[in-house]
Amino acid sequence: MIVSEIFYSIQGEGLLAGIPTVFVRLAGCPLRCRWCDTKYAWDEKAGARYTVAKIVRTVKQWPCKFVVITGAEPMINPDLPQLVKRLKASDKHITIETAGIAFIPALPCDLMSISPKLSNSTPADPALAAIHEKSRLDIAVLAKLIDNYEYQLKFVVDSEGDLAEIKQTLKEIGNVDLEKVMLMPQAGTKDELLAKPPMVAQMCKRTGFAFSPRLQILLWNNERGT
Ligand code: SF4
């Protein structure tokens, strides 16, 4: 597998925010989100070649139960099932971070952390926008993921106007447990993050959706490997 990076940090987002966690970032993502903070991992060759055994050995150097497999987009990697199985056999708690654009059945993961991409993610460049729009939202895949896995749904909020699109997306997916829906502010830097949460918090109070922090930005200003 092509691995962009493996590092030990604190989970910054979602239900498990605050828990020390090892992150395995796999290379390759077909989307081109405008505000993506891991552009360096977009290319499927953007990293070093690891065997599954080497990834597991690297993860195990830290005495840490929690592992996040992230990207780029890990659900498009054909070797993902083997990696998840091997990590599970080492008694790890496994979260998969995904945009929800591909389905793989029967992964022994503990949490499918799905972040469907709204239109606020579309890049300005028309060529990139065309690639992005082709696959950013697949309602059938999202429905399958939530029907088959323990999940959380995290939406990146850029402005008040995003709420109507979030509600429409949830309606189209259907069968969503609204207690598993989280809103988090779009921010690439600590300054942006400090400016936006009041708007997102008010949105959460109005809707009952949970607020997700982004501790990796607050603590380390989104530096690579944090
Ligand atoms: S899906 Fe994730 S990794 Fe891919 S472009 Fe969007 S934010 Fe970046």
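Nothing in this text is a laboratory measurement; each read-out follows from the coordinates by a stated rule. This structure is a prediction, so every number in the text was calculated from the model and none was measured. Backbone-built Cβ (ideal geometry, glycine too); neighbour counts: all protein chains shown.
For the chain, what is the calculated [θ] at 222 nm in deg cm²/dmol (nearest 500), taking -39500 (n - 2.57) for each run of four or more DSSP H residues and dividing by its residue count?
Dividing the helical sum by the residues of the chain leaves -9000 deg cm²/dmol.
Between the helical axis of 126-135 and the dominant principal axis of the chain, each derived from Cα atoms, what acute angle in degrees is found, rounded to the nearest 10?
Orientation of helix 126-135: about 80 degrees from the principal axis.
From the cross-link list LYS65/LYS85; LYS60/LYS88; LYS167/LYS190; LYS65/LYS88; LYS39/LYS60; LYS117/LYS144, which pairs have alpha carbons spaced over 18 Å apart?
Result: LYS167/LYS190; LYS39/LYS60 exceed 18 Å.
Which residues make up the longest stretch of the chain clear of GluC sites (Glu not before Pro) that lie in a DSSP loop with no more than 15 other Cβ atoms within 10 Å, not counting the sites?
1-149
Can you give the net charge of the other residues whose Cβ lies under 10 Å from the Cβ of ALA210, counting K and R as +1 and D and E as -1?
+1
Set the Förster distance to 30 Å, then compute FRET efficiency between THR51 and ALA140 from the Cβ-Cβ distance, nearest 0.05.
Efficiency at R0 = 30 Å is approximately 0.35.
Compute the long axis of helix 162-173 from its Cα atoms, compare it with the longest principal axis of the Cα atoms of the chain, and write down the angle in degrees, 0 to 90, nearest 10.
60
Translational diffusion coefficient of the range 1-123 at 10 °C, 1.306 mPa s, Stokes-Einstein with Kirkwood Rh over Cα pairs, in µm²/s as a whole number.
D = 109 µm²/s.
What angle do you read, to the nearest 10 degrees and between 0 and 90, between the alpha-carbon axis of helix 139-148 and the longest principal axis of the chain?
It works out to around 60 degrees.
Rank by packing, highest mean first: peptides 208-217, 55-64, with packing defined as the count of other Cβ atoms within 10 Å averaged across residues.
Highest mean packing first, the order is 208-217, 55-64.
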